[in-house]
Amino acid sequence: MIESAWDYHRRTSYDRHDMTGHYMDWSCQPNVFKTYPGRETAALTQDIVLSQENLSDILIDNYAPVLDSEIDAVRLARILHMTHALTAKARHGGLDFYYRSVASAGALYPFELYIAALNVPNLDVGIYHHNVFSRSLTILRPGNALSEVSRAIGIEEEGQPATVFFLTSIFFRSSWKYRERAYRYHLLDTGHLMENLCLSLKSERLRFKLHYDFEDRIVNELLGLDTTREVCLAAACVWGTAPFPTDRPPGLGNLAPDLGVCSRVSTREIDYPVIREIHTAASALIEPKEELPEMIERLGIVVQSWTEVSMIGKSPEEMSYPDAVLQRRSMRNFVRDKMPWDYFTALLKALCSDAVTKDNEPWISNSVLSIGFLSGNVEGLKPGFYLLDRKNHAAIGFVRESFMMEEMAHVCLDQAWLANSALHFLFMSNLNMLEQTWGPRGYRYAMLSAGRLGQRIYLAATSMRIGACGIGAFYDDEAVKLLGLNNQTNLLYLVCAGPIRKWSLPR
């Protein structure tokens with residue numbers, strides 16, 4: 001029985017000399033589009049006008065919400081489009097494959113997006129599922145869900161939220177390929193989606209708040225999920241200033257008994273109890289009793305010197321924020337060209353900017369996650385291992401000088417192309433410290449945060465027409481040894497970035 005994040009992470013670690021054989025059973029390939037047959041839908045406007053602002057503009061601290069901004073049906077359609085959209089189509093094995101705006105391990109897209117519409121003009125109150133394929137909303141439960149949402153999330157803000165977004169993950173979509181290790185990708189991929197949502201809300205100048213913490217059981221029941229197959233991992237409340245109509249339904253409609261069946265994505269699913277065990281363990285909410293630790297101090301790494309990096313200057317973006325979201329891809333055609341210094345600092349600036357509004361509580365990622373990077377070919381920066389201090393004006397800490405790109409590519413299941421990228425961003429966490437502070441739920445905090453920042457690297461790189469690719473598969477102990485981490489700390493995620501051979505996208 002898995003009872004801690006440490007147990008789960010160790011059990012699902014890859015070992016070069018102890019890898020069991022695994023083949024893809026295409027007869028039970030999961031469906032990557034969730035549907036609710038027979039249920040009424042609400043069409044989203046297809047006439048969407050996108051802004052031409054840059055990602056760097058959205059990320060700056062003074063890009064604050066406008067207090068009288070309201071979320072209406074048109075704005076909701078734009079938010080959903082910029083959060084999760086199909087972006088291109090290709091043919092593989094005689095079947096259509098759809099690229100998406102959100103990064104996902106193995107292009108398996110385990111995440112789903114739900115909306116509790118509480119006060120959205122021109123949209124009836126109720127619980128909806130976002131159908132990314134048809135660009136529509138499926139009505140799951142009509143009626144006023146404010147009481148259930150408030151009880152589940154513990155809303156303490158003045159006023160009532162106009163909309164609440166819920167982000168879920170379907171287990172079998174990722175476990176079909178990654179088996180027990182899949183829960184890592186459920187969290188990372190949901191983090192990718194969460195970052196797109198945050199950026200979209202901030203672009204709309206809306207006041208919102210993320211929720212890592214909520215009562216899992218209440219939220220899952222609210223959405224009608226089969227929790228052996230699908231669970232909620234994150235939520236976001238959006239506020240407005242418009243008065244609530246007085247003629248709203250008094251409460252939420254009954255839950256249809258067949259909703260849970262729709263969490264099934266294959267006629268023959270394989271159950272991996274370990275995934276359910278770690279998620280159950282991580283469902284308990286624990287209030288930290290001590291001052292939150294700074295994860296950068298708990299890695300076992302000695303920094304030789306710190307240097308503050310100047311962030312002054314215009315970001316070298318070549319495409320707008322909407323274009324970057326809709327043209328994002330996982331690129332692997334890296335070339336060993338030198339990354340210009342302003343491209344490097346633009347990536348650091350993106351990582352050190354929080355895509356949340358000032359109304360949110362301080363982002364906890366500094367306490368659950370530490371960021372480092374390997375420099376391979378960056379103008380003005382010697383090759384080596386560095387740490388990034390997000391809280392101290394993007395200071396970089398020099399750990400040791402060495403060209404480590406080929407060694408890390410060897411650690412990452414011998415994916416040789418990784419050695420050609422200019423940078424490897426590293427997301428690390430002391431799992432023992434996480435467990436002591438938050439219990440197993442701390443693992444969710446760390447992995448979701450890593451996914452958010454990984455998606456931000458993707459978008460920042462795309463906006464400059466360079467490549468990025470996330471790597472969640474590596475020989476875990478070899479990564480610890482290569483980086484010199486202590487025995488309580490692990491690499492959770494790696495995202496590489498750098499110049500690529502050619503900027504071309506499938507159509």
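Just so it is clear, none of the values below were taken in a lab; they were calculated from the coordinates. Note that this is a predicted model, so its numbers are computed, not measured. No Cβ is skipped: glycine too gets one built from the backbone with ideal geometry, and neighbour counts run over all protein chains shown.
Structure summary
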| item | result |
| --- | --- |
| Listed candidates (1) 48, 26, 19; (2) 34, 26, 23; (3) 52, 28, 17 - label of the one calculated as semi-axes √(5λ) of the Cα gyration tensor in Å | (2) |
| For G439, net neighbour charge (Lys/Arg +1, Asp/Glu -1) across residues whose Cβ lies under 13 Å away | -2 |
| Listed peptides 475-481, 419-425, 488-494 by packing density, highest first (mean Cβ within 10 Å) | 419-425, 488-494, 475-481 |
| Ranked packing of 286-293, 440-447, most packed first, by mean Cβ within 10 Å | 440-447, 286-293 |
| Cβ-placed point charges (K, R +1; D, E -1), dipole of the chain about Cα centre in debye, nearest 20 | 1460 debye |
| Taking M464, M24 and counting other C-beta atoms within 10 Å, the order from fewest to most | M24, M464 |
| Distance in nm between pseudo-label sites at Q29 and T87 (7 Å out along the Cβ direction from Cα) | 2.2 nm |
| Cα lying deepest toward the dipole's positive end in segment 24-270, options T35, T267, N254, charges on Cβ | T267 |
| Total charge dipole magnitude, segment 4-130, about the Cα centre, Cβ charges on Lys, Arg, Asp, Glu only, Debye to nearest 20 | 540 debye |
| Calculated from backbone phi, Karplus (6.51, -1.76, 1.60) coupling profile of segment 276-282 in Hz, x at Gly/Pro | 5, 5, 5, 5, 4, 4, 7 |
| Sites R268 and K289 - FRET efficiency at Förster radius 41 Å, r taken between beta-carbons, to 0.05 | 0.35 |
| Mean separation of Cα contacts under 8 Å, 6 or more apart, over the residue count of segment 24-270: relative contact order % | 28 percent |
| Fully extended contour minus Cα-Cα distance, from W341 to V261, at 0.36 nm per residue | 23.6 nm |
| Cα gyration tensor shape of segment 295-498, rounded if a/c is under 1.5, else prolate or oblate by comparing a/b with b/c | rounded |
| Value at 222 nm in deg cm²/dmol, rounded to 500, when DSSP H runs of n ≥ 4 in the chain each add -39,500 (n - 2.57) | -8500 deg cm²/dmol |
| Chain lengthening between Q160 and L413 when straightened (0.36 nm per residue, less Cα-Cα) | 86.2 nm |
| Cα gyration tensor category, rounded, prolate or oblate, for segment 88-231 with a/c compared to 1.5 | prolate |
| Cross-link reach list, aspartates and glutamates versus K338, counting only Cα pairs under 12 Å and skipping chain neighbours closer than eight places | E379 |
| Relative contact order of the chain, pairs being alpha-carbon contacts under 8 Å that are 6 or more residues apart, as % | 20 percent |
| FRET efficiency, 1/(1 + (r/R0)^6) with R0 30 Å, evaluated for Y98 and H22 via beta carbons | 0.75 |
| Percentage relative contact order, segment 107-202, counting C-alpha pairs under 8 Å, at least six apart | 32 percent |
| Cα-centred dipole magnitude for segment 295-498, charges only on beta-carbon of K, R (+1) and D, E (-1), debye, nearest 20 | 300 debye |
